Amino acid sequence: MSTLVSGSTGDWEVVVGLEVHAQVRSESKLFSGASTRFGAEPNSQVSLVDAGMPGMLPVINRECVRQAVRTGLGLGAKINRVSVFDRKNYFYPDLPQGYQISQYTRPIVGEGSLRITMPDGERVVGIERIHLEQDAGKSMHDQDPSRSLIDLNRSGVALMEIVSRPDLRSGAEAAACLRTLRTLLRFLGTCDGNMQEGSLRCDANVSVRRPGGELGTRCEIKNLNSIRFLQQAIEYEAIRQVEVLEDGGKIIQETRLFDADRGETRSMRSKEDAHDYRYFPDPDLLPLELSEDFIAGIAASLPELPETRRNRFVSQYGIGEAEADFLVTEPEIADFFEALADGRDPKLAANWLTTELFGALNRAGLPLSKSPVDAGTLGGLIDLVADGTISGRSAKDVFSEMFETGQAAETIVDARGLRQLSDGAAIAALVDAVLAEHGDKVAEYRSGKVKLLGFFVGQVMKQTRGTANPQLVNEILRERLAG
Amino acid sequence: MSDLLDLDIAGASEALDARRVSSVELTAAYLDAMEAAAGLNCFVTPTPERALEMAEASDRRRARGESGALEGIPVGIKDLFCTCSIPTSAASRILAGFVPTYESTVTANLWRNGAVLLGKLNMDEFAMGSANVNSCHGPVENPWHRTGDGAGDRLVPGGSSGGSAAAVAARIALGATGTDTGGSIRQPGSFCGIVGMKPSYGRCSRWGIIAFASSLDQAGPLTRTVRDSAMMLGAMAGHDPGDSTSADIPVPDFEAALTGDVRGLRIGVPREYRVDGMPDEIEELWTRGRDLLAQAGAELVEISLPHTRYALPAYYIIAPAEASSNLARYDGVRYGLRAGGDEPDDMYENTRGQGFGEEVVRRVLIGTYVLSQGYYDAYYLKAQRVRALIRNDFDEAFGGVDAILTPTAPSDAFAIGEHEDDPIRMYLNDVFTVPSSLAGLPAISVPAGLSVRGLPLGLQLIGRMFDEETVFRVAGVLEQAAGFAHRPSGGA
Amino acid sequence: MSLDRETVRQTALLARIRLDEDRLERMVGELNGILAWIDQLNEVDTSSVAPLASVTGHALPTRADSVTDGNDAEAVLTNAPDRVGGYFAVPKVVE
Ligand SMILES: [Mg+2]
Ligand SMILES: [Zn+2]
């Protein structure tokens, strides 16, 4: 599949690298004991360290270190036994210390890679590094006519900055990369991946070049907070750059913002000194040293990763690849599926989950985590179908009610009297009664109008309000009519 | 009253234990003396009510039989230590109005050990200086005067812990905390004729002390005697999980290290500390110190610390670099001075332009420059490499000696206003103290004699990393042998 | 290395310190003096020396992941020169 952009002077290749800021899943901040919970009152989750008060000092959260290592291992990356925290110095009202503690020359995680699937095959995206750093606070510019307001709740929250190589060749590839990375982080449990709440943000470095030629000058598009915007921004930016170059212009290396309303990128106002961050090792912190045992312990406790799990689903449960792909988009879906498939027909389980439950969830606009039906409840319904207690047709009705009320299948079946009638003698008696009542139709049938079988079935079902086992009804009817 | 002020910490503790005096009486005597000596400008925020409350509480504890290591002892605190609900200024306009809601670990340790707070002490702005003339509260005056000079002669107490040193020398505090980044406890100790101890880096917590240069800053005591110094350091020190650079090792009984015996100890005398233009009287004092220790049974050994002369220039890269970053938080947003501005950058430039004094601006600019793009390797990394060589010099020397003896400062106290227009001349005050700071080693200044102008001069003892005990042990013997009994004419 | 006036101006801008022309002029002279003096470090061969990372030789301590701090917005805001409700206030950022 060609990812080239064709211009008036020929084809251009788009080159994209991503810098992803993933909020580390932890209770407290990277260097302070304040909470990381989202949505609290302004400045209520701020320690004196996070507020940059005089004389305050950072102490690192061991779980954040573990999470970064876990993420590195999930990307098959090199874990650096010694890494160093540096100060990145700049002034901004929501940066209380006047510097961000980050990692510059010696990050905690080195090179790794991520495999992504595109319609025409797989790509391997190089991961350059992951470093740990502090988040800044939040500035609000439109609450007061003359002032900006500062909330430091986010100040000091741990972020992993995951930097890819410029291995991506289109907006679609970048979107797939971010989606795959997000899934991986969620399986690892190292980031909740919530882009609305800002737990996952992405910067894209975009340039264009003649296919296979020298790398062009890149622009950095900052703070893309949805996968769709990422793709749109790159597609817009690539065409913009091609147009500039084809008009004989030059690309200026700069930071750009994506205006989602207009679907355009635009240049950000920048100071002449904006890029002199004066990095140096933070003298309040010593180098971070990790033992081989510490790393091995994390490696041993690593959960099954999405790619492995997907392949296992196909081989162990015999479900289709497309279905398996869907089941591993979220760890909760995969877990739900395995709980549902346990002791049941896996294909049936996959079908109920992907078609019925997700259909209902989508209509209700709910995520799986808010589903009124859990795996045990849905499994109970599947079991009732499998053992013939209810018919497949009633099962749909039971599911609808189950989704509304969250009640167990048995409860609904009993309350609505939907238990399937499978008693052969009882059905035979009903059949005999129906045939006796419709002697004329019986004669017609026997003279060759076999389509009337449906009529007799309908009559029997009507008598039983649909609970008669249709297979048995059919069998007995055929037998009697043949007689 | 005056004999109460003559007691040192050890003597006052004894008197308190024997109920010859109460902490309230002792504290009241100091509060009176503070008022009488207000002209020295040592205290920027006296806390008399707090002092008497704490003294009363101490007397009650003592009556219950509870007694901390500094129970009932009135002390002054350098205004670099954050003290809960008491203004803390770092002697800078930029912290105008700042009142911490928290207490530094070192001061909290002192209060836990029973000490009484007399007030906050003047200093050089953000601890940058060697004369205590860089203060938004005005200069501190040394209680010592040159022989024959009139009362109008005003000398500097040294810096940056100048208020602390002058207060202890003038007997308006029994002891005081200081901080030492490149000599800021030892050099004022020498200028004021008292004992100044900078412990090993990591011995005292930096939590709650306003940072100047994080890899160098250490708190320590300024006291009249070596024994007092050991007692007070013991009450200040200890591991603090809130400071990642704090050493997680036990605090020894420093007082017990004062055995009075140095027989068999090897004391190094570094040949590189004979610097160009050093006055004869400093050389003579150093020789006298060697002789005294030799007479006491120590073995004096000439050693070499070859990179000594590069310590000061390396220090003047590293300390300003760290300071330029540490002082970035003073931006007018969350506390302290705010000057107007149309947008944040404007406000920052106005606030910091008005809030910082000359020396601070000088160092922040140097630090910003040496860290900026294209200069980092040539300056900052180079300086950290030289620092490694300096530490290595000491490590090698300590393979053969137990402590090192040097002068503390290259001169006696100078006049307020002198050298002020010559920053490098001012920096040279720290030529003997900076190398051990860069290496993180414990070092003490002990008063050992008078200059020809009748001003005190100190000798410095440097020890192995975390071996304050040997430093105290040798210092105790040196103090005894030198028998420095002179008193300043100013003060209480 | 010597610093010209423009470099000092840029450095002051980077450090966000407003210098009037007099102060700037004085700083140019003083900073040049200090940097010239610092340049004697170039006499030292450091080609085979690693920069010093720490004097104590201790490892970086870590803490457990639990919420032990925060929950006191007043302590954080009490010294603020300007605030609006629970927020710090600064002159409006122009973006
Ligand atoms: Mg970035
Ligand atoms: Zn980042």
Fill in the blank from the handout: 1/(1 + (r/R0)^6) with r = Cβ-Cβ of B:ALA38 and A:GLU220, R0 = 35 Å, i.e. FRET efficiency to nearest 0.05, evaluates to 0.05
Exercise for the section: Would you mind calculating the gained length between A:LYS396 and A:SER8 on full extension (0.36 nm times residue separation, minus the Cα-Cα distance), in nm to one decimal? Expected result: 134.0 nm
Handout entry: Farthest positive-ward along the stretch C:30-95 dipole, Cα basis, beta-carbon charges - from C:LEU52, C:ALA80, C:TRP37
Key = C:ALA80
Practice task
Summarise the partner chain shielding of A:97-104 as one whole number: the mean count of Cβ atoms from other chains within 10 Å of each residue's Cβ.
Solution key: 3
Exercise for the section: Go through B:122-134, A:26-38, A:418-430 and give me the packing order, highest mean Cβ count within 10 Å leading. Expected result: B:122-134, A:26-38, A:418-430
Exercise for the section: Take the Cβ-Cβ distance between A:PHE358 and B:ASP346 as r, set R0 to 56 Å, and report the resulting FRET efficiency rounded to the nearest 0.05. Expected result: 0.55
Fill in the blank from the handout: Counting only backbone N atoms under 13 Å from a point 7 Å out along Cα-to-Cβ of C:ASP82, the residues of the stretch A:114-149 in range are A:144-149
Fill in the blank from the handout: Per the 1/(1 + (r/R0)^6) rule, R0 = 51 Å and r from the Cβ atoms of B:ARG271 and B:SER85, FRET efficiency to 0.05 is 0.50
Exercise for the section: Output the peptides B:77-90, B:32-45, A:140-153 sorted from most to least packed, where packing is the average of other Cβ atoms within 10 Å over each peptide's residues. Expected result: B:77-90, B:32-45, A:140-153
Exercise for the section: With label points built 7 Å along Cα→Cβ from the Cα atoms of A:THR117 and B:GLN373, find their separation and express it in nm. Expected result: 4.3
Handout entry: For the stretch A:5-296, alpha-carbon Rg relative to the globular expectation (2.2 N^0.38 Å, N residues)
Key = 1.03
Completion exercise
Shape descriptors of chain B over alpha-carbon atoms, Rg and Dmax in angstrom, are 21.1, 70
Fill in the blank from the handout: Kirkwood calc, the stretch A:70-220, C-alpha pairs only, radius in angstrom 17.4
Fill in the blank from the handout: The distance between the Cα centres of the stretch B:122-195 and the stretch A:385-421, in whole Å, is 89
Handout entry: Size of charge dipole - the stretch B:108-264 - debye, nearest 20, with Cβ of Lys, Arg +1 and Asp, Glu -1, no other charges
Key = 240
Exercise for the section: For n ≥ 4 DSSP H runs only, could you compute -39500 (n - 2.57) per run for chain A, divide by its residues and tell me the 222 nm figure to the nearest 500? Expected result: -11500 deg cm²/dmol
Handout entry: Expected-Rg normalisation [2.2 N^0.38 Å, Cα atoms] applied to the stretch A:424-482
Key = 1.00
Exercise for the section: With runs of 4+ DSSP H residues as the only contributors, calculate the mean residue ellipticity of chain B at 222 nm using -39,500 (n - 2.57) per run, divided by the residue total and rounded to the nearest 500. Expected result: -11000 deg cm²/dmol
Practice task
Considering the options B:GLN373, B:LEU40, B:ILE249, tell which one lies farthest towards the positive end of the dipole of chain B, charges being +1 on Lys and Arg and -1 on Asp and Glu at the Cβ, about the Cα centre.
Solution key: B:ILE249
Practice task
Can you tell me which of A:182-193, B:155-166, A:317-328, B:232-243 comes out highest on packing, and rank the rest after it, using the mean Cβ neighbours within 10 Å?
Solution key: B:155-166, B:232-243, A:182-193, A:317-328
Problem - Point-charge dipole on Cβ atoms (K/R +1, D/E -1) for the protein assembly as shown, about Cα centre, debye to 20 - result: 1760
Problem - Cα-centred dipole magnitude for the stretch A:49-172, charges only on beta-carbon of K, R (+1) and D, E (-1), debye, nearest 20 - result: 500
Completion exercise
Residue span B:THR147 to B:ILE424: 0.36 nm per residue of separation minus Cα-Cα distance leaves a gain in nm of 96.9 nm
Handout entry: A:ARG154 long-range amide H proximity, modeled H, under 5 Å
Key = A:LYS138
Problem - Positive-end residue, chain A charge dipole about Cα centroid, Cβ charges, pick of A:GLY343, A:VAL20, A:PRO96 - result: A:GLY343
Fill in the blank from the handout: Label model pair B:ARG20, A:ASP325: point-to-point distance (7 angstrom along the Cα→beta-carbon line) in nm is 9.2
Completion exercise
Within 10 Å of the Cβ of an average residue in A:55-68, the count of other chain Cβ atoms is 6
Problem - Calculated from backbone phi, Karplus (6.51, -1.76, 1.60) coupling profile of the stretch B:73-78 in Hz, x at Gly/Pro - result: 8, x, 10, x, 10, 3
Exercise for the section: Please list the equivalent ellipsoid semi-axes of the stretch B:397-492, computed as the square roots of five times the alpha-carbon gyration tensor eigenvalues, in descending order and whole angstrom. Expected result: 26, 20, 10
Completion exercise
Dividing the mean separation of Cα pairs under 8 Å (6+ apart) by the residue count of the stretch A:354-451 yields a relative contact order in percent of 21
Fill in the blank from the handout: Mean other chain Cβ within 10 Å across A:19-29 is 2
Practice task
Calculate the spin-label point distance for C:THR62 paired with A:ASP247, positioning each point 7 Å from the Cα along the beta-carbon direction, and give it in nanometres.
Solution key: 5.3
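None of the figures in this text is laboratory data; all of them are computed from the coordinates on show. It should be emphasised that the depicted structure is a prediction, and the values quoted were computed from it without experimental measurement. Please note: Cβ atoms are built from the backbone with ideal geometry, for glycine as well, and neighbour counts cover all protein chains shown.
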